[in-house]
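Only one structure is covered here, and it is reproduced in the block below.
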Amino acid sequence: MPTLSSNVKQVLSTNAKHLELLHSVGVKTVEDFIYYFPRSYTDASGITPISDAKEGEPQTFSGILSNFFTKRLPNNRQFTKALLNDDSASIELVWFNQKFITHMYKSGMHVFVTGKPKLNMRRLSLAAPTIEHQREEQLHTGRIVPIYHETEGLNSKWIREKMRPVLTEFLKYIEDYIPEDILKKEKLMPLKEAIELIHFPIRVEDLEQ
């Protein structure tokens, strides 16, 4: 039964390279991973109607995918296009050399997308946007998104995907050394709640607290 002091390899479904990279940034145990806090945040919680999209500004959209199209280019490269549609309009999505897109996303799926619209052939499009399936808790868009210290081969998206289940399973074992009466007197947030909201804040006010 893994504990807070267990090696992260016992709880993370990943490869030796990722484990090596985690060790290089000081993460060796489950507790180390829980205390690997974000360095900053991106607020992608507001949903913009596609008809209100503004060129050059980071925005988050929610809608239904359609019109998937993939074309192979020389040197085994490829680009993929799709449309994102909401009740107000549609916007073009474009990815280069991201083959996983066509495996994970299909027409008819409801997704969240974040990116900077650019004018292309008199039409706004999003190049290489962040995309995520609609689910009970969004991790990568449609929320305040944690950004972690990264190293080559270890990015924030990967960390978020691994952090969520680790917190769900192990956060309950974190011991709060401040007595409850002092927490209440000083109006402090309990440690478990603070760690949860450091990684996955719901509101800006959560971060301030």
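The values are calculated or read from the model by the stated rules, or taken from the named source; none is laboratory data. Only a predicted model underlies this, so the values are computations on that prediction, with no experimental measurement involved. Methodologically, a virtual Cβ is constructed for each residue, glycine included, from the backbone with ideal geometry; neighbour enumeration extends over all protein chains shown. Calculation scope for accessible area: heavy atoms of the full protein, side chains included, ligands and nucleic acids excluded. Shrake-Rupley method; radii C 1.70, N 1.55, O 1.52, S 1.80 Å.
Here are a few things to note about the model shown:
- Taking region 99-141 as the range and being loosely packed, with under 15 Cβ neighbours inside 10 Å, without any contact (Cβ under 8 Å) to a residue 60 or more places away in the chain and of a type in the set (S, T, N, Q) as the test, the residues that pass are Ser107, Asn120.
- Count - residues of region 103-120 that are over 22 Å from Pro58 (Cβ atoms) and more than 19 Å from the chain's Cα centre (by Cα): 3
- Selection of region 45-76 for residues being assigned to a strand (DSSP E or B), surrounded by 10 or more Cβ atoms within 10 Å (Cβ to Cβ) and not aliphatic (A, V, I, L, M) yields Gln59, Thr60, Phe61, Ser62, Gly63, Ser66, Asn67, Phe68, Phe69, Thr70.
- Considering residues of region 157-178 that are open to solvent by 30 Å² or more (accessible area, probe 1.4 Å) and among the basic types (Lys, Arg) only, the residue nearest to Asn15 (Cα to Cα): Lys162
- One residue stands out among those in region 25-44 that are outside any loop (DSSP other than H, G, I, E, B) and at pLDDT below 95: the one that is most open to solvent (accessible area, probe 1.4 Å), which is Asp43.
- Scanning region 45-59 for residues that are modelled with pLDDT under 95, closer than 19 Å to Ala89 by Cβ and small (Gly, Ala, Ser) returns Gly46, Gly56.
- Evaluated against (1) of a type in the set (Ser, Thr, Tyr); (2) within 22 Å of Glu193 (Cβ to Cβ); (3) free of Cβ contacts under 8 Å to residues at least 24 places away in the same chain; (4) in contact with a helix residue (DSSP H, G or I) (Cβ under 6 Å, 6 or more places away or on another chain), Thr80 falls short on exactly one condition, (2).
- Scan of region 85-97 for residues that are surrounded by 15 or more Cβ atoms within 10 Å (Cβ to Cβ) and free of Cβ contacts under 8 Å to residues at least 40 places away in the same chain, ordered by number: Asn85, Asp86, Glu92, Leu93, Val94, Trp95
- Qualifying residue in region 179-199 (condition: under 15 Å from the mean Cα position of the chain (by Cα), surrounded by 15 or more Cβ atoms within 10 Å (Cβ to Cβ) and touching a residue at least 60 places away in the same chain (Cβ under 8 Å)): yes
- Leu154 open to solvent by less than 50 Å² (accessible area, probe 1.4 Å) and over 19 Å from Gly26 (Cα atoms): no
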